[in-house]
1. How much accessible surface does Leu143 have with a 1.4 Å probe, in Å² rounded to 10?
2. Please identify every one of the trypsin sites (Lys or Arg not before Pro) in the range 1-93 that sits in a loop by DSSP and has no more than 14 other beta carbons within 10 Å of its own beta carbon.
3. Excluding residues fewer than 8 places away in the same chain, name every one of the aspartates and glutamates whose C-alpha is closer than 19 Å to that of Lys114.
4. Taking a probe of 1.4 angstrom, what is the accessible area of Glu144 in Å², to the nearest 10?
5. Using a 1.4 Å probe and counting only protein heavy atoms, arrange Thr140, Thr86 so the residue with the most accessible area comes first.
6. Pick out which of Ala127, Ala59, Ala82 has the largest mean-square fluctuation in a Gaussian network model of the chain, springs linking Cα atoms closer than 10 Å.
7. Provide Ile54, Ile124 ordered by accessible surface of protein heavy atoms (probe 1.4 Å), highest first.
8. Solvent-accessible area per residue for the chain at a 1.4 Å probe radius, Å²?
Amino acid sequence: MKAVIQRVTTASVEVSDMIAGAIGQGVLVFLGVEKGDVERDADWMAEKIMGLRIFEDEAGKMNRSLREIGGELLAVSQFTLAGNCTKGRRPSFDSAAPPAEANRLYEYFVAAVKRLGIPVRTGIFQAMMQVSLVNDGPVTFILESPARPGSAG
């Protein structure tokens, strides 16, 4: 499971000219689910994102978490994060989870974040989406769930 996390002052996702989800201060999370990912990966990702100290304190240091600042999370499914661009010119998506499994784990991730007490908004799985954001910093991180015993990578 991979995620691109962006610290934002505002973010929204639009589907068919309608706002599907919007947040104020918080994080925009693009989430990619890969073959072999399980609930444990989604739990790890949710807890990691909630605990990351990526918001500034009074001294201007990144020392506060999403929970500490009372922020929100906008989750957007993004299968292209599973793309492999090492060969040729066209990305390979062989490592992406099948849509039904990817949606199940995406929804599980959203529920895990909610269980941690963070307000969550979402895009619409498999929809063509337009994402707007104001990246605060800019601050952007790439997270990958830890390799499991017996898994490649």
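The values are calculated or read from the model by the stated rules, or taken from the named source; none is laboratory data. Please read these numbers as outputs of a predicted model, since none were measured by experiment. Glycine also receives a Cβ, built like all others from the backbone with ideal geometry; neighbour counts cover every protein chain displayed. The protein model used for the area step is the full one, side chains on, heavy atoms only, and it has no ligands, DNA or RNA in it. Shrake-Rupley method; radii C 1.70, N 1.55, O 1.52, S 1.80 Å.
1. Leu143 has an accessible surface of roughly 20 Å² with all protein chains in place.
2. Working: sites: Lys2, Arg7, Lys35, Arg40, Lys48, Arg53, Lys61, Arg64, Arg67, Lys87, Arg89; in loops: Lys35, Arg53, Lys61, Lys87, Arg89.
Here the sparse-neighbourhood loop sites are Lys35, Arg53, Lys61, Lys87, Arg89.
3. Glu39, Asp41, Asp43, Glu47, Glu68, Glu72
4. Result for Glu144: roughly 110 Å² accessible.
5. Thr86, Thr140
6. Fluctuation is largest for Ala59.
7. Ile124, Ile54
8. Details: 8470 Å² over 153 residues.
For the chain, the solvent-accessible area averages 55 Å² per residue.
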